[in-house]
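The values are calculated or read from the model by the stated rules, or taken from the named source; none is laboratory data. The model shown is predicted, which means the values in this text are computed figures rather than measured ones. Using ideal geometry, Cβ is built from the backbone for each residue, glycine included, and neighbour counts are taken over all protein chains shown.
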């Protein structure tokens with residue numbers, strides 16, 4: 001199989017802005033990946049593709065991964081080994097997509113991103129704090145930043161919220177958030 005992306009080299013590692021215990025890295029690609037971005041946009045759930053800025057952003061494991069034509073930035077990494085594993089995952093994603101591109105219809109438009117209103121109308125709205133966060137509005141902020149696991153919302157998993165729960169979990173999954181399949 002021909003690879004599009006041959007290597008990724010870390011050029012900078014700094015403390016993470018969101019959590020100084022973690023790190024963030026910048027890395028350079030050996031090859032320009034801009035041509036595969038519309039294909040990634042077609043196959044990666046929740047990806048944010050910016051056709052004007054030639055970038056893609058992926059939420060994975062509570063972190064944002066933003067790739068440009070020739071470089072990538074990743075925050076909220078545990079350490080340099082975590083950075084290498086994440087970069088290898090991204091390289092494999094790019095190369096697997098490249099290998100299958102003849103079977104993929106590229107998507108050139110930016111998808112609609114998930115908004116606070118999309119989430120709010122599906123939450124129970126009880127502001128009970130049972131999840132450890134005082135209000136549903138604060139929960140939404142943490143969901144959007146990738147810092148909250150929706151599975152902690154007890155009322156959402158009650159029988160009376162079954163339909164809302166299924167819809168909320170469906171849109172979260174479509175936006176790239178990790179949702180256990182048994183709840184969909």
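Below, the figures for the structure above:
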read-out	value
Which numbered condition residue 125 fails, given (1) within 30 Å of residue 29 (Cα to Cα); (2) assigned to a loop (DSSP other than H, G, I, E, B)	(1)
Candidates 167, 160 - the one that is closer than 29 Å to residue 43 by Cβ and out of contact with any helix residue (DSSP H, G or I) (no Cβ under 6 Å at 6 or more places or on another chain)	167
Residues that are over 23 Å from residue 9 (Cβ atoms), in contact with a strand residue (DSSP E or B) (Cβ under 8 Å, 6 or more places away or on another chain) and surrounded by fewer than 16 Cβ atoms within 10 Å (Cβ to Cβ), drawn from region 26-61	50
Helices (runs of 4 or more DSSP H) fully within region 13-122 counting 1 or more residues that are in contact (Cβ under 8 Å) with a residue 60 or more places away in the chain	37-43, 80-100
Qualifying residue in region 146-154 (condition: surrounded by fewer than 16 Cβ atoms within 10 Å (Cβ to Cβ) and in a helix (DSSP H, G or I))	yes
In region 168-177, the residues that are farther than 16 Å from residue 48 by Cβ and either modelled with pLDDT of 90 or more or surrounded by 16 or more Cβ atoms within 10 Å (Cβ to Cβ) (or both)	168, 169
